[in-house]
Amino acid sequence: MLIRVVQSVLVGSLVLSSTGCGYIFGDEGIFRDRSQDYKAAPELPPITVPPGMESVPLREIYVIPPVEDKFLAQGKFEAPKPAPLSSGAGSDVVRIQKLGDASWALIGVAPGQVWPQVRNFISASGMQVTRADAQSGIMETNWVTVEGENLTSRFQFRIDQGVQRGTSELHVLQMRQTGGDATWPDKSDDPSQAKEMLRAVSQYLADSADSAPVSMIAEQGISAGGRIAMLEGPDGSSYLQLDLPFDRAWASLGRALGEASFEITDKDRSSGVYYVLFTGEAEAQEEGWWGSLWNSDDDRPMVGEAFVINVQTISDRAVTIQLRPQDASFPFDNRDGQQLLSVIKGNID
C-alpha cells in the first residue's frame with residue numbers, strides 16, 4: 001500500500017512537470033525568457049525638448065581621471081619597484097598651513113565632501129548663506145556682527161582642489177561693511193577675524209570628518225585630481241609640474257624633501273636650486289625588519305648620493321621641478337629619476 005502511494009506521488013509529479021513547466025516557464029509562461037524582446041521593440045522618434053528648455057547631455061558621476069605617470073623605459077623592460085608609501089597630505093584630516101601672511105586649511109578629503117560640511121558649519125554658527133556656487137567652490141555669508149567689533153562683517157569660503165589627489169584647500173576671506181563698495185577685497189580687511197573663522201571651521205571639519213556627506217555638483221565642479229603631475233620632456237627625462245606660484249612651490253618642496261628622505265645641504269632661492277643628499281631613511285623605515293632581510297646597500301645605489309633640484313617658473317601659478325645628480329659621472333637613468341621624483345611628488349602639499 002505504501003509503495004502504491006509513493007508511485008502515485010511520483011507519477012503526479014511527472015505529470016505536473018510535463019504540463020505545468022510550460023505554463024510557468026514557456027514562451028507564454030509567467031516567467032518566460034525576455035532576453036530577445038529587444039529585437040521586436042519598435043523604433044520611436046527622439047524626445048522633443050519643450051521650448052525654453054535646453055538639452056543637457058548626461059555626464060558620468062564618477063569620472064576616471066587620466067593616467068599621468070605613463071612612461072615606458074627605453075630598451076629591455078623591467079618591472080619597476082613600487083614607490084614607497086609617503087605621508088602626503090592625507091595623514092592629517094585637517095591641517096592649517098601658513099606662508100607669509102596667508103593661511104589656509106589643508107583637508108585630506110575631496111572637495112565634494114568639504115562643500116556640504118562648510119555649509120553645515122555656516123548654518124550651525126547662526127549665519128546664512130547668501131551666495132553658493134558649487135562649480136567654482138565659493139560660498140558667501142550674510143553680514144554678521146562679530147563680538148567686540150563695531151562694524152559688521154561677512155565671510156567668503158573658497159574651496160579649491162589640493163595639491164595631492166583627493167585633497168582640498170579651504171580659504172577664508174573677510175570683508176568689513178563700511179557703506180562703500182561691496183566688492184570683495186583681495187585680502188581680508190581684518191586678518192585676525194579671517195584667521196579665527198578659519199580656525200573655527202577647521203575644527204568643525206575635523207570633528208565631523210567621519211560623517212561627511214558628498215556633494216556631486218561640487219565634486220564635478222571642483223577638480224579633485226590634484227595639482228601635481230609627472231611629465232616627460234622632449235629629451236625623455238622626467239620632471240614634475242606643480243600648479244602653484246613660485247613662493248609657495250619653493251616652500252612646499254622644502255618641506256617635502258625632509259619627508260622624502262632628502263637632506264638639504266644648501267639652497268639658492270634666487271636661482272631656484274636645492275642641493276640635497278638622498279639618505280633613504282624613510283624607505284628603510286617603511287621596509288622594516290622583513291624588507292631589511294632582502295635589501296642591501298647595493299640594491300639602493302642612490303642612497304648617499306648628492307643631487308641638484310631645479311625649480312623653474314613657467315607661469316604665474318606653475319613651476320617645474322627637475323632632478324639630476326651633482327656628479328655628472330654618476331650612473332643615472334630616467335627610471336632612477338622617476339623613482340626619486342615619485343617619492344618627492346607624494347610628499348608635496
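For segment 140-149, take each phi angle, set θ = phi - 60°, evaluate the Karplus expression 6.51 cos²θ - 1.76 cosθ + 1.60, and give the result in whole Hz per residue in order, putting x for glycine and proline.
10, 9, 7, 6, 10, 9, 7, 4, x, 10
My understanding is that a pair violates if its Cα-Cα distance is over 25 Å; which of LYS195/LYS345; LYS187/LYS267; LYS98/LYS345 do that in this structure?
From the list (LYS195/LYS345; LYS187/LYS267; LYS98/LYS345), the Cα-Cα distance tops 25 Å for LYS195/LYS345; LYS187/LYS267.
Which order do the peptides 32-39, 154-161, 326-333 take when ranked by the mean count of other beta-carbon atoms within 10 Å per residue, highest first?
154-161, 326-333, 32-39
Please give the length that would be gained between TRP143 and SER35 if that part of the chain were fully extended, namely 0.36 nm times their separation in residues minus their C-alpha to C-alpha distance (nm, one decimal).
The TRP143-SER35 span can extend by a further 32.7 nm.
Dividing the alpha-carbon Rg of segment 100-221 by 2.2 N^0.38 Å yields what?
1.03
Every read-out reported here was derived from the displayed coordinates using simple, explicitly stated rules and does not represent laboratory data. Source: prediction; values computed, not measured. Counting neighbours? That spans all protein chains shown, and the Cβs are built from the backbone with ideal geometry, glycine included.
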